[in-house]
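Report on the following structure.
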Amino acid sequence: MNTPFHVDPDITIAATLPGAFYHDADAYELCRERLFARTWQWLGDLTDVAAAESLSPRELLPGLLNEPLLLAWLGLPWVADALQRSRRRHLYRGG
């Protein structure tokens, strides 16, 4: 990042980030990986995986992360797995 940005942990004196933050390409990449890639995201309607053992390809945050997902209904009550191919392999390697 070209410019150091500071967010005060004391909410009573914290302020919004300067406008330069929103135009900084390095800040954008950092937020993309450290914020958006690690948050819960809505995957959409589940009707296409309503039947047991059905699969539905998805994409996590198209245009931002473009992370391919495969939503799988295993046929067990309350079990639905979002299998993130690249991320899951990365986690198993200890990254």
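Yes or no: region 65-79 includes at least one residue that is at pLDDT below 75, open to solvent by less than 70 Å² (accessible area, probe 1.4 Å), assigned to a loop (DSSP other than H, G, I, E, B) and on the phi > 0 side of the Ramachandran plot. Yes, region 65-79 has at least one match.
I'm trying to understand the selection: among the residues of region 29-42, which are under 12 Å from L60 (Cβ atoms), of a type outside the set (A, V, I, L, M) and either at pLDDT 85 or above or outside any loop (DSSP other than H, G, I, E, B) (or both)?
Matches in region 29-42: R32, F36, R38.
Just one of the numbered conditions (1) part of a helix (DSSP H, G or I); (2) open to solvent by 100 Å² or more (accessible area, probe 1.4 Å); (3) modelled with pLDDT of 75 or more is not true of P57: (1). If you go through region 1-28 and keep only what is without any contact (Cβ under 8 Å) to a residue 12 or more places away in the chain, part of a helix (DSSP H, G or I) and open to solvent by less than 80 Å² (accessible area, probe 1.4 Å), you end up with G19, A25.
Can you tell me how many residues in region 29-53 are surrounded by 11 or more Cβ atoms within 10 Å (Cβ to Cβ) and among the basic types (K, R)? So the count comes out to 1.
The values are calculated or read from the model by the stated rules, or taken from the named source; none is laboratory data. In this text, all values refer to a predicted model and were calculated from it rather than measured experimentally. Cβ coordinates were reconstructed from backbone atoms using ideal geometry, including for glycine residues, and neighbour counts include every protein chain displayed. These accessible areas exclude ligands, DNA and RNA; they are computed on the full protein's heavy atoms, side chains included. Shrake-Rupley method; radii C 1.70, N 1.55, O 1.52, S 1.80 Å.
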